[in-house]
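Report on the structure given below.
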Amino acid sequence: MKLKHLLFSVAVGCCSVSLFAQPIVGQKKTSGNPVFEGWYADPEAVVYNGEYWIFPTYSAPYGEQLHMDAFSSQDLVNWTKHPKVLSVENISWLRYALWAPAVIQANKKYYLFFGANDIKTNDELGGIGVSVADRPEGPYKDALGKPLIGQIINGAQPIDQFVFKDDDGQHYMYYGGWRHCNMVKMAPDLLSIVPFDDGTTYKEVTPENYVEGPFMLKHHGKYYFMWSEGGWTGPDYCVAYAIADSPFGPFKRIGKILEQEKDIATGAGHHSVIKGAGKDEWYIVYHRRPLGETDGNCRVTCIDRMYFDKDGFIKPVKMTFDGVKPSPQGKTK
């Protein structure tokens, strides 16, 4: 499978771009897509101390999804692999299906939220967990010894969490599969959830056509709520968004910003967004399925530019094979 993947990449003209995780300084002019070798999905991208990081799902059959790798870069082009930053050895209740990391720095620590066990009923053990480390590359250790959210509430399967910090310092988590999205309010230690001011604990904020993979971005005072639509194993997987004046919505769907392109790839979705070094410089990090691949797990992590128009709407993203040019942030100590 890896050989076929490599041959495909060469065939589309990326022979000058290394797909291996270790950086090759001076040889890569763009990141190339995919940005690193291997089957990886659901990428959560973040900037830590002037350095770019991507934390993806290891895209494999459920029983093999027992660890997570991470990748770091100082310029978005050359990436270094950090193997097994989180693994089954540090999660006592994990059985399979370790999914969709969400990461954030707070309280002088690094938090990695994860989904585990793909539960189908409230009688099963699994859901959203939280792990903590002292460094971005881990090792991350399960902080609770049990799920943070382990029940199906408002119809939302407890997967695909994203933790958002608002300007006032309050953290919220958006999560949910099965076409339902909830939001919860995080305690300051990020190890528990607390009620909202109205006494409720779970608020359903599901927008039109939502399936899974929520993401929140604040830009020029507006809240940009994004999500994935379609089936994750199919070609029609895509990303849509809404704009609101509040983190609570309402989130009225505007339209798609990322979808399959017949000459590039299919199944483009479950994304995150990071800001580059320049003013209003934005990148969308997502997974897609190379042309000709039909196995649902054959997904690769890619990055392309994302632009806002003069009215604040997100322009449709153009997928590329080249990826992006270097954008060094300047690592701080």
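Once amide H atoms are placed 1.01 Å from N in the peptide plane, what residues at a sequence separation of 5 or more from ILE149, or on another chain, have their amide H within under 5 Å of its amide H?
ILE128
With the full set of protein chains in place, find how many percent of the accessible area of the chain is carbon and sulfur; take the probe as 1.4 Å.
Solvent-exposed carbon and sulfur of the chain make up 52 percent of the total.
Taking a threshold of 26 Å on the Cα-Cα distance, which of the pairs LYS109/LYS203; LYS28/LYS318; LYS84/LYS203; LYS81/LYS256; LYS222/LYS315 fall above it? Let's see the in-between values first.
Working: LYS109/LYS203 28 Å; LYS28/LYS318 21 Å; LYS84/LYS203 34 Å; LYS81/LYS256 31 Å; LYS222/LYS315 16 Å.
Flagged as over cut-off: LYS109/LYS203; LYS84/LYS203; LYS81/LYS256.
Just order 150-156, 227-233 by mean Cβ neighbour count inside 10 Å, highest at the front, would you? Each step should come with its number before you reach the end.
Details: 150-156: 17.0, 227-233: 20.9.
Final packing ranking: 227-233, 150-156.
Mind listing the phi-derived Karplus ³J(HN,Hα) values for region 52-59, rounded to whole Hz, using 6.51, -1.76 and 1.60 with θ = phi - 60°, and x for any glycine or proline?
Using θ = phi - 60°, the values come out as 7, 9, 10, 10, x, 7, 6, 8 Hz.
Could you order the peptides 195-203, 64-72 from most to least packed, using the average number of other C-beta atoms within 10 Å per residue? List each step's numbers first, then the result.
On the way: 195-203: 11.4, 64-72: 20.6.
Peptide ranking by packing, descending: 64-72, 195-203.
Could you name the lysines in cross-link range of LYS120, using Cα to Cα under 19 Å and dropping any fewer than eight places away on the same chain?
Straight-line reach from LYS120, under 19 Å: LYS146.
Note down the accessible area of TYR307, probe 1.4 Å, to the nearest 10 Å².
110 Å²
Taking 0.36 nm per intervening residue step and subtracting the Cα-Cα distance, what contour gain separates ALA60 from TRP178 on full extension?
Details: separation 118, 0.36 × 118 = 42.48 nm, distance 2.06 nm.
Result for the pair: 40.4 nm of gain on full extension.
What residues from region 302-317 fall in the zone where the backbone N is under 17 Å from a label point 7 Å along the Cα-to-C-beta line of GLU281?
Counting backbone N atoms under 17 Å from the label point, the list is 303-308.
Accessible area per residue for the chain in Å², computed with a 1.4 Å probe and the full protein assembly in place, what is it? Spell out each step's value before the answer.
Values: 14040 Å² over 333 residues.
It amounts to 42 Å² per residue over the chain.
The values are calculated or read from the model by the stated rules, or taken from the named source; none is laboratory data. Predicted model, so just to flag it, every value in this text is computed and none were measured. So basically every Cβ, Gly included, is an ideal-geometry build from the backbone, and we count neighbours across all protein chains shown. What goes into the accessible areas is simple: the full protein's heavy atoms, side chains included, and nothing from ligands, DNA or RNA. Shrake-Rupley method; radii C 1.70, N 1.55, O 1.52, S 1.80 Å.
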